[in-house]
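For reference, the structure discussed in these notes is given below.
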């Protein structure tokens, strides 16, 4: 019989959890070493423990294993990255060209995460006034996956410079699935506590006082 008592999260656990948050980074530089797919499936099972509106569990995970499809995703990124460069001028443009913005070439695992906007799960609970809660629920699953992966020494990188409609077409998913994240997953070349964009001088991290308001 399983133990139903709630766990006792002690100070050591809380300290370790705080360190996990600190070391959870958006990884772009991966080793080519393979990752055990049983481990990946275990991490996805943990991601499915995430909260979701109405217990709808709208996340849909697509492992992209086909080489041609991966090549199409990479071409998608290159097109959108070139277009994004045109938004910047002068020093920012120079900085942009030096940024490492995706780990598509070396990451052994590619994972697309979608939100199924037609799901009958949850019976519509909590979505009448905020239907976008389905997408937010899938984002919560991505964050859970990110943290769970880091706890195993695995890095995750979120590729957002990408045309979501083209991704949907490449992966031939249903029309009602909205792309939430295209993730690169693998062992990082070197773990870092500071975000890569901070190390590259693109943007420093803010402080709580910048984001907290009282009414």
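The values are calculated or read from the model by the stated rules, or taken from the named source; none is laboratory data. Please read these numbers as outputs of a predicted model, since none were measured by experiment. Cβ atoms come from the backbone with ideal geometry, glycine included; neighbour counts cover every protein chain shown.
Considering region 133-161, the residues that are more than 15 Å from residue 50 (Cβ to Cβ) and in contact with a strand residue (DSSP E or B) (Cβ under 9 Å, 6 or more places away or on another chain) include one that is surrounded by the fewest Cβ atoms within 10 Å (Cβ to Cβ), namely 153.
Here region 166-196 is the region considered, the condition is being assigned to a helix (DSSP H, G or I) and within 18 Å of the chain's Cα centre (by Cα), and the residue that is farthest from residue 112 (Cα to Cα) is 196.
Are any of the residues in region 65-80 more than 20 Å from residue 182 (Cα to Cα), in contact with a helix residue (DSSP H, G or I) (Cβ under 9 Å, 6 or more places away or on another chain) and assigned to a helix (DSSP H, G or I)? No, because not a single residue in region 65-80 is more than 20 Å from residue 182 (Cα to Cα), in contact with a helix residue (DSSP H, G or I) (Cβ under 9 Å, 6 or more places away or on another chain) and assigned to a helix (DSSP H, G or I).
Is one or more of the residues making up region 79-102 at pLDDT below 90, surrounded by 16 or more Cβ atoms within 10 Å (Cβ to Cβ), on the phi < 0 side of the Ramachandran plot and in contact with a strand residue (DSSP E or B) (Cβ under 7 Å, 6 or more places away or on another chain)? Within region 79-102 (the criterion being at pLDDT below 90, surrounded by 16 or more Cβ atoms within 10 Å (Cβ to Cβ), on the phi < 0 side of the Ramachandran plot and in contact with a strand residue (DSSP E or B) (Cβ under 7 Å, 6 or more places away or on another chain)), the answer is yes, since at least one residue qualifies.
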